[in-house]
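See below for the structure under consideration.
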Amino acid sequence: MKILLVDDSRTMRNIWKRVVSGLDDCEILEAGDGQEGLKTISENGPVDLVLLDWNMPNMDGLTMLKKVRENDKTTPVIMVTTEAEKLRIIDAIKAGANNYVVKPFTPDALKSKINETLKKASQPA
Amino acid sequence: MTEQATEKIDASLVKAFVYSTKNVLNTMVGVDVELGKPSLRHDPQPSYNVSGIVGFTGDVVGNVVISFTGETAGNIVESFCGEKMSPQSEDFSDAIGELCNMIAGNAKKEFGLNAGIGIPSVVIGAGHMIARMSDVPCVLIPCKCDVGNFAVEINIKQVACLTAEVK
């Protein structure tokens, strides 16, 4: 399984890495902003899951999500962000986010959202 | 701050930081934070040598500084990242910045306003100064926890409420 982690904070990506490293056959790709995230997808091909921060330099997570969804409606994307207001969550869901985790989070809470998202994505539409 | 503040700071903005500081430190670092009596800070020097600074935009403007002693910052980074780091390493600043980002983001949600936060900056070293707004007071909340002391320095004001979110 290929998982792309997009956050400008390396600390946060390391925390996510520890959480997803428990998943079977996991290949982790990393990007520090939305632009890098799009480049990583175009260079490495489709991924099976994206964990995506919102506030980043160069290109924010919402913009990246919208660009991903122009060509790809199915790859599960979980926004993991400090943006916790209802209207922001609605914006992200409208843009195509499959799930939403507000920072701070416990590793168990993130793991559970990841499992829930992957399970839903594997079910026939 | 040399000029006299002419406006009052909204207590609800300060309360939001009380909640978010405790919540973020407890969830991400595993420590209970005890808050002391708030006071006003009248000079541009932060309380301690390590500053995580987050700017606010939109309906709320100004900045908030989470000011740590070097020792506290080191202990917090170690618990947050799971390893000891040198204050000179980029990852040390990154970790402090991310914690401050979470504290500001959580507080922003409590405001119930259309506010934005900037990418956090981290400054390390004795004698640095913070550019603050002079028309609102800077409220200092002393904090202590098992890993040391730090302070939250809040210098923000609400500039509009027409875009307030429907709760």
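Among the residues of segment A:66-98, those identified as assigned to a loop (DSSP other than H, G, I, E, B) and either free of Cβ contacts under 8 Å to residues at least 40 places away in the same chain or buried (at least 17 other Cβ atoms within 10 Å of the Cβ) (or both) are A:ASP72, A:LYS73, A:THR75, A:PRO76, A:THR82, A:GLU83, A:ALA84, A:GLU85, A:GLY96, A:ALA97, A:ASN98.
Scanning segment A:50-65 for residues that are more than 8 Å from the chain's Cα centre (by Cα) and surrounded by 15 or more Cβ atoms within 10 Å (Cβ to Cβ) yields A:TRP54, A:ASN55, A:MET56, A:MET59, A:ASP60, A:GLY61, A:LEU62, A:THR63, A:MET64, A:LEU65.
Scanning segment B:60-82 for residues that are acidic (Asp, Glu) and within 14 Å of another protein chain (Cβ to nearest Cβ) returns a single hit, B:GLU78. Does segment B:88-103 include one or more residues that are away from chain A (no Cβ under 14 Å) and not small (Gly, Ala, Ser)? Within segment B:88-103 (the criterion being away from chain A (no Cβ under 14 Å) and not small (Gly, Ala, Ser)), the answer is yes, since at least one residue qualifies. Only one entry in B:ILE103, B:ILE96 is assigned to a helix (DSSP H, G or I), under 20 Å from B:ALA16 (Cβ atoms), modelled with pLDDT of 95 or more and not aromatic (Phe, Trp, Tyr), namely B:ILE103.
If you check A:LEU52 against the conditions, is it in contact (Cβ under 8 Å) with a residue 60 or more places away in the chain and out of contact with any His (no Cβ under 7 Å at 6 or more places or on another chain)? Answer is no for this residue. Of all the listed residues (B:GLY116, B:GLY74), the sole one being in contact with a strand residue (DSSP E or B) (Cβ under 9 Å, 6 or more places away or on another chain), within 29 Å of A:LEU87 (Cβ to Cβ) and either part of a helix (DSSP H, G or I) or of a type outside the set (Ser, Thr, Tyr) (or both) is B:GLY116.
Here are A:LEU118, A:LEU23: which of them is among the hydrophobic types (A, V, I, L, M, F, W, C), farther than 25 Å from B:ILE119 by Cβ and assigned to a loop (DSSP other than H, G, I, E, B)? After ruling out the rest, the residue left standing is A:LEU23.
The one condition from (1) closer than 17 Å to A:VAL101 by Cα; (2) surrounded by 19 or more Cβ atoms within 10 Å (Cβ to Cβ) that B:GLU110 does not meet is (2).
The values are calculated or read from the model by the stated rules, or taken from the named source; none is laboratory data. As the structure is a prediction and not an experimental result, all values here were calculated from the model. Glycine gets a Cβ as well: all are built from the backbone with ideal geometry, and neighbour counts include every protein chain shown.
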